[in-house]
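Report on the following structure.
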Amino acid sequence: MKEDYFTGEFIAEMRERYFRERKWERVKPFRKAAVLAIDLQKYFLSPESRAFLPSAGRFVPRLREFYSSVLELQVPIIFTRHYHGSDHMARWWGGDMPRDDPLNELLDDFRPFANVVVEKNTYDAFYDTELEGLLQKLGVETVIVTGVMTHLCCETTARGAFVRGFNVVFPVDGTLTQNRFFHEGTLRNLSHGFAVTPFLQEVLEWLSSE
């Protein structure tokens, strides 16, 4: 089920298939944006973890570079940190993901960017958290969803943002999951009804434009 799939060729193919220019033009005027950095924890991104994502080595440097540029543009980044807070999640996955497990800490690569961290205990970063209130206080109109995993917490959070009235940008190279099939399935669904799917570089060009 797991594979190292996150290549330049794959990313270009996903953008070609699912990016909709007319949707992007509708989102661009809503310039008050925030980046959501979903669950960038050692549990998913460190080789010693049983949940390690094989493409992490390709993905992490790309996202670090994006976050560095975002901070220079003074766009807020809100991180989430996941742990299993109920028997339901543990039962589904067949194991615990306790809050105090060292593997549930953010990956060291991302700590310099993590000034705001929202803890969550299910897929949706809006469910029973302060995330929506934080975004409202910042006057955010558009959320840019990044992180892991594409088809679980990232997709669910993107849907949650849309139904709460936020514009959603879901970069084709901004999230990571276990394999290309899960990744593409999310892009197919979200690009139809929930989000616009450009490259991270296109997002930066938009954020830095006048």
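Name the one entry in 12, 51 that is under 18 Å from residue 202 (Cα atoms) and aliphatic (A, V, I, L, M).
Every option except 12 fails the conditions.
Hey, any hits in segment 154-172 for a residue that's modelled with pLDDT under 95 and either closer than 30 Å to residue 12 by Cα or surrounded by 17 or more Cβ atoms within 10 Å (Cβ to Cβ) (or both)?
Looking for residues that are modelled with pLDDT under 95 and either closer than 30 Å to residue 12 by Cα or surrounded by 17 or more Cβ atoms within 10 Å (Cβ to Cβ) (or both), one finds none in segment 154-172, hence no.
Please work out which residue is surrounded by the fewest Cβ atoms within 10 Å (Cβ to Cβ), limiting yourself to segment 58-116 and to residues that are among the polar types (S, T, N, Q) and farther than 29 Å from residue 141 by Cβ.
Among those residues, the one meeting the criterion is 86.
Could you please give the count of residues in segment 182-199 that are surrounded by fewer than 22 Cβ atoms within 10 Å (Cβ to Cβ) and more than 12 Å from residue 154 (Cα to Cα)?
9
The values are calculated or read from the model by the stated rules, or taken from the named source; none is laboratory data. Since this is a predicted model, take the numbers as computed values, not measurements. Because the Cβ atoms are built from the backbone with ideal geometry, glycine has one as well, and the counts that use them run over all protein chains shown.
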